[in-house]
Amino acid sequence: MIRYIRVLGAALGGLVGLALATIEVDNRQLFTDVPNAGAFLAAWVVAWIVVGFAILPYLTVVPALWIVRRVEALSTAEFVAAVLGLLIGLLMGLLLGLPLSNFPAPFGTWRPLGVSLLFGLGMLGLTVAKRSDLLVAAEAIGVARRFGNKVEAVADVGVAGIHRLLASSETLRSARVLIVVAGMEGALPSVVGGLVDKPVIAVPTSVGYGAAFGGVAALLGMLTSCASNVTVVNIDNGFGAAYVATLINRL
């Protein structure tokens, strides 16, 4: 496939080179008064053929394959969150970009589009970056409630703000079973396991940077927890955690 794309790129590059060579500036074309204009024109077109041959795959196939791989790696919930974030960003950009259309051309023509794309891609990136912890927790909550469990959610109580976790210690101790969702280094389930004498189901998420390895660091940290009441499910597996919690809650 890449071979055909490169051939197409070479043809398009040659056409672009010819088109640029025939553009008139001050009633003169690019090679009008140049000695050996034919040779320069041929070299110009060949250069554009080479450029088209070389770069078209990187402008079409390579980005398309990257996008396909990224989309395939998303769960349904993550994909929906990304689409909603994109739509919200585009709407915000549209509302903010409309006043910019009053600027004289060309700024009034392109600024609204640029603002819309900026906000759209920004919100897309934000929702995808923030998706895992919240969506995995929401999945676990929804499944647990679907099975008839009484669920009380406690959010934003990570080890970076452990005072908020300690403030919720009574709520945690009153539960029969706890699902603890955490990314980064995955330390939260161990802390919760030390505060309560109930089963703790740890759910590692793919949130993190670099050495987090897409949730592997959190998974390994939870598996090596020194809290004996902590058990672990797979990365981003909110459903599995809720199902096991339901079985424990029915004992």
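Here, each number is a calculation from the coordinates, and none is a lab measurement. Bear in mind that the values here come from a model prediction, so they are computed numbers and not experimental data. FYI the Cβ positions are ideal-geometry reconstructions off the backbone, even for glycines, and counts take in every protein chain you see.
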Q | Distance (nanometres) between label positions extended 7 Å along Cα→Cβ at F213 and V151 | A | 3.0
(Q) Between L195 and F239, what is 0.36 nm times their sequence separation minus the Cα-Cα distance? Round to one decimal in nm. (A) 13.4 nm
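What FRET efficiency, computed as 1/(1 + (r/R0)^6) with R0 = 30 Å and r the Cβ-Cβ distance, is obtained for A42 and V62, rounded to the nearest 0.05? Don't jump to the answer; show the numbers that get you there.
Values: r = 30 Å, r/R0 = 1.00.
So the FRET efficiency works out to roughly 0.50.
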